[in-house]
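The next block holds one structure in the form of structure tokens; read it before the comments.
Just so you know, all these numbers are worked out from the coordinates, no wet-lab data involved. For clarity, every value in this text was computed on a predicted model and none was experimentally measured. Quick reminder, even Gly has a Cβ in these numbers, built from the backbone with ideal geometry, and neighbours come from all protein chains shown.
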Amino acid sequence: MNRRFAAVLALLGLIAYGLLLRGAFADEHLDADHDRALRLREAGDIVPLESILRKARKLQAGTIIEVELEEEHKRVLYEVDMLDPQGVVWELEFDARTGEEVRRGKED
């Protein structure tokens, strides 16, 4: 096996290893987010996601493409991204404690 071929194989191996590590850390992050949301929901600190999704669908036509639970200025928010029939992405934010709409606008 020549040196160039061995170097290419080694580089491909390192890239594959890096991608595997990246995926493992992403899964840990998702698990932590899920656990946090579950704890908040079970404690009654946030409204169920199902009720937020119903509200989002009533406010904005389209397909839900992403949902996040995030903290902003000591406030817990559900952020719902929707793709409307014209291909425009809308971002809707709801107070996770009350379920009230906070903001709605087109994604930049």
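With a Förster radius of 35 Å applied to the beta-carbon distance between ARG103 and LEU38, the computed FRET efficiency rounds to 0.90.
Among the trypsin sites (Lys or Arg not before Pro) in the stretch 47-87, those located in a DSSP loop and surrounded by at most 14 other Cβ atoms within 10 Å of their own Cβ are LYS74.
Between SER51 and GLU66, the contour length at 0.36 nm per residue exceeds the alpha carbon distance by 3.8 nm. In loop segments of the stretch 63-108 as defined by DSSP, the GluC sites (Glu not before Pro) with at most 15 further C-beta atoms inside 10 Å of their C-beta are GLU100, GLU107.
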